[in-house]
Amino acid sequence: MLRQMTLFISVMLITFLFFWTNDNKKDKKTGVVIITIIMGCFSGFRSWWMGDLIKYHTLYALVNGPNSSESLAEKNVNRGIRYFFWCAGHLGISYDVCIFLISAFSAIALGVLVYRYSEGPFWSYLIYISMGFYLFTYSGLKQTIAMGFVIFAVMGLFEDNWKKFYFWVLIAGLFHAPALILLPAYFIAKKEIDRAYVFFLAVFLVIGYLFRNQIVEIFADAYYESEKMYSANKTIGGRVIVMLLIILLGVFLRPSRGKGLYSKVLNLMIIAAAIQYFSIYNNVFTRLADYYYQFVVIFIPMMLETGDHQLAAKSDGEHKIVRFNRDVYVLLSFGIIVFALWFYVNSTLANPAFVDNYKFFWEQDEYEIMNELQRGA
């Protein structure tokens, strides 16, 4: 726990001191690069003797073993990770380095997103770590890679570039088929929120309820492949409530009008909440929602932009701006920080395996541990 809290506090202090005292793009870029290096190294230098990383090592060994052709030819929807490991092995890149490359890719993708679209990097990194996205990169390699590609895909959506969007979504799908859940996002995110939108959302939830068993079976099979290890939450969890509160705050502080960037990101948040709702039938939908929900890291900073900030960004948008007293933003900012810290501590303690088993690669010899276990067997 001490290491995770040290990382959390370090990143927050750096972003607070750096981004709140510098305004130009050069300073912002330097700050994002520093945080990207810290996060990439902290996750990338971890030992793989923990959680699902051991299973991924087995896969790495299989695709680079004497029966590699059979392993590669095996029917599997997530072929990307197999071919990545195979290419790495043939280039002399060890599994340890693969972990670092995946961590670096994830941190870089996030950094590009924050640099280009976040007006408040402090909030972006606070939310990314406290909401558990960073903790998930410790073990979920396939989805970590896919979520990185999804970030580049959604930047294509922001640029109204459908070719870029679908190219990166399909690449993400090669590593983690459930990433294809993002396919309809290009059109839904650009939809203006009106009565027809609310009606469509209600119909979606009703259909989802009526065909919940079939939907759960399809997505659970795609997510877990051959493993039947999923379960249902049975009640609407706190994550859905948090999502809804964020959406309501966003609508209250910055009523969405038109089809601009803020409206697109707000739509992504709404879709995330709708998918998360299905976790009452199966908790696999929590991870599926993350493909949309990860963009909360730029939604929160947008939500907290004051009227003056909005006017500076778009001088002809005065009629679309709702202004609040500065005290509202101060109190809200304080509340978000306290909640984020509370949420992070509790969610980290709820994952003792990540906390207790986290070690850097130089602190233990995974191969020696594996050999001892094999000799003991």
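Data table
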read-out: Residue within segment 119-131 that is at pLDDT below 95, polar (S, T, N, Q) and not in a helix (DSSP H, G or I) present; value: no
read-out: From the options Phe122, Phe136, residue that is out of contact with any strand residue (DSSP E or B) (no Cβ under 6 Å at 6 or more places or on another chain) and under 15 Å from Gln294 (Cα atoms); value: Phe136
read-out: Number of the condition not met by Ile93 [criteria: (1) open to solvent by 10 Å² or more (accessible area, probe 1.4 Å); (2) under 24 Å from Val297 (Cβ atoms); (3) of a type in the set (A, V, I, L, M, F, W, C)]; value: (2)
read-out: Ala232 modelled with pLDDT under 85, closer than 25 Å to Gln143 by Cβ and of a type in the set (Gly, Ala, Ser); value: yes
read-out: Unmet criterion (only one of (1) touching a residue at least 60 places away in the same chain (Cβ under 8 Å); (2) in contact with a Leu (Cβ under 8 Å, 6 or more places away or on another chain)) for Tyr186; value: (1)
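Residue-by-condition table, conditions (1) over 9 Å from the mean Cα position of the chain (by Cα); (2) open to solvent by less than 20 Å² (accessible area, probe 1.4 Å):
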{"position": "Leu101", "(1), (2)": "yes, no"}
{"position": "Phe105", "(1), (2)": "yes, no"}
{"position": "Ile108", "(1), (2)": "yes, no"}
{"position": "Leu113", "(1), (2)": "yes, yes"}
{"position": "Arg116", "(1), (2)": "yes, no"}
{"position": "Tyr125", "(1), (2)": "yes, yes"}
{"position": "Phe136", "(1), (2)": "no, no"}
{"position": "Ile145", "(1), (2)": "yes, yes"}
{"position": "Ile151", "(1), (2)": "no, yes"}
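The values are calculated or read from the model by the stated rules, or taken from the named source; none is laboratory data. Fair warning: this is a prediction, and the values are worked out from it, not measured in the lab. FYI the Cβ positions are ideal-geometry reconstructions off the backbone, even for glycines, and counts take in every protein chain you see. Ligands, DNA and RNA are stripped out before the accessible areas are found, and what is left, the full protein with its side chains, is counted by its heavy atoms. Shrake-Rupley method; radii C 1.70, N 1.55, O 1.52, S 1.80 Å.
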